[in-house]
Amino acid sequence: MRSVEEHQRVVAGLIRRRAPITVALADSLGLVLADDVVAPLSLPGFDNSAMDGYAVVAEDISTATAERPVLLPVAEDIPAGRTDPLTLTSGTAHRIMTGAPLPQGATAVVPVEATNAATDTVEIRASAKPGQHIRRAGEDVTSGTTVLRAGQVVTPAAVGLAAALGLGELTVIPRQRVLVMSTGSELVPPGTPLQPGQIYESNAVMLAAALHEAGAEVVASPTTGDDVAAFRDALTRHMRDADLIITTGGVSAGAYEVVKDALGGEVEFVKVAMQPGMPQGSGVVDGTPIITLPGNPVSALVSFEVFLRAPVRSAMGLPHPDRPRRTAVLTEDLTSPRGKRQFRRGVFDSAAGTVTSYGPPASHHLRWLASANCLLEIDEETGELAGGSTVHIWDLT
């Protein structure tokens, strides 16, 4: 059987990064910058007021106190957005709002709270130092400065900065576009009355959710029965917009294995020394990488975690593509099949540094995986683990 590490290398080698694209700011959140962003202008672009108050010459109010205010006539009213150039004459004040351009000649802004808020003659009840409550042009960003670096994830703050600089677009590494196909004649969509022998389809929606959580885009998630022609038709119709294809089901050793039957010449089907998730496949269909996962739901999602999540994130340039690996103290005795790496569902208590296996190990027990917060990894050479042993876990939180 193929080792886990070998199959990880095979899968990672198939998943390719897309060429950078330029997108609108609204579509850039969560993506990774492909190029540095250089400021085309300074921020602020002009000297402006940091407070609602009065623009003054600081020397004019050097003696002002609450008991002996300085009286100044209000010569102008400057709201934010006023565009005509103004000059402040010594011995006068301009009422000014936060963000409004500072008039020429003003050397300080007095907060409205330190005045009587008048609009004709204002009482200045506190002195001010030169430069007080003034935002100087370029004190945040100087034109020509690199403000965002290639490889940086676009955050809301990065979007805000780009917008403040007048940039409507950013060049980013695009999301991986993934086609997810679930197979099995027993599968029906939720909301359909179940006939004897039928089950609701869950793998495609589950893997689509895992891909979205990893940052990828799902282009389609069709379900097909165990008919080779229908499977190939659905694959052909949906794959044209995909960078990666993931199938689930139809890869075991029995009859009616539709993925094996349809893709035997294009996909290498192997057994990987792991539990759950032994039957796996990988290859290229018409130039598009395809990874075939087993059909049991726990096997499918564990296989995604072990083989696909990290290379998909890496192909988008996202940081920390791997799940955090930790060590924990096992709270119970466990057995594991020798010769296979076992991934057990677990509950990790980070405060205590302990882990407890959660639910049966069989690959159809999805309920337990839905409530687990880690995968407990037991290597191929270990058949028994005693409580108190130190074990490795994959943190799924």
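Here are the numbers for the structure shown:
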| item | result |
| --- | --- |
| Within region 28-115, GluC sites (Glu not before Pro) in DSSP loop having at most 14 other beta-carbon neighbours inside 10 Å | Glu67 |
| Candidate lysines - alpha carbon under 27 Å from Lys340, same-chain residues fewer than 8 apart omitted | Lys260, Lys271 |
| Solvent-accessible area, 1.4 Å probe, carbon plus sulfur percent, for region 57-134 | 51 percent |
| Per residue value of the accessible surface for region 48-135 (all protein chains in place, 1.4 Å probe), Å² | 50 Å² |
| Dimensions in Å of region 325-395 - Rg and Dmax from alpha carbons | 11.2, 33 |
| Hydrodynamic radius by Kirkwood, which averages 1/r over all alpha carbon pairs of region 144-298, in angstrom | 17.6 Å |
| Region 174-292 - accessible surface per residue (Å², probe 1.4 Å) | 41 Å² |
| Chain lengthening between Thr236 and Ala26 when straightened (0.36 nm per residue, less Cα-Cα) | 72.4 nm |
| Positive-end extreme of charge dipole, region 106-228 - chosen from Pro196, Ser185, Thr224 (charges on Cβ) | Thr224 |
| Accessible area of region 144-194 belonging to carbon and sulfur atoms, whole % at 1.4 Å probe | 58 percent |
| Leading residue at positive end of dipole, region 255-336 (Cβ point charges), from Val329, Ser314, Thr292 | Val329 |
| GluC sites (Glu not before Pro) within region 347-397: DSSP coil, no more than 10 neighbouring Cβ in 10 Å | Glu381 |
| Sparse-neighbour loop sites [trypsin sites (Lys or Arg not before Pro); region 302-397; at most 16 other C-beta within 10 Å; DSSP] | Arg338 |
| Candidates Ile246, Ile21, Ile134, ranked by Gaussian network fluctuation over the chain, Cα under 10 Å, top entry | Ile134 |
| Rg followed by Dmax, in Å, when the chain is reduced to its Cα trace | 31.8, 98 |
| Whole-number D in µm²/s for region 247-397 (Stokes-Einstein; Kirkwood sum over Cα pairs; 25 °C, 0.890 mPa s) | 149 µm²/s |
| Choice from His212, His364, His320 showing the highest fluctuation, given a GNM over the chain with Cα pairs closer than 10 Å | His320 |
| Shape parameters for region 253-320, alpha-carbon atoms, Rg then Dmax in Å | 13.0, 42 |
| Relative contact order of region 38-158, pairs being alpha-carbon contacts under 8 Å that are 6 or more residues apart, as % | 41 percent |
| Sequence-separation-based contact order of the chain, relative, with Cα cut under 8 Å and 6+ spacing, percent | 16 percent |
| Range of Cα positions in region 39-177 per principal axis (Å), largest first | 69, 28, 22 |
| Surface share of carbon and sulfur [accessible, 1.4 angstrom probe, percent] for region 281-397 | 49 percent |
| Dipole axis of the chain (+1 Lys, Arg; -1 Asp, Glu on Cβ), positive-most option in Ala208, Leu366, Leu71 | Leu366 |
| Where only C-alpha atoms are counted, convex hull volume of region 79-130 per residue in Å³ | 87 Å³ |
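The values are calculated or read from the model by the stated rules, or taken from the named source; none is laboratory data. Predicted, not measured: the structure shown is a model, and the values here were computed from it. Because the Cβ atoms are built from the backbone with ideal geometry, glycine has one as well, and the counts that use them run over all protein chains shown. Keep in mind that these areas ignore ligands, DNA and RNA; they rest on the heavy atoms of the full protein, side chains included. Shrake-Rupley method; radii C 1.70, N 1.55, O 1.52, S 1.80 Å.
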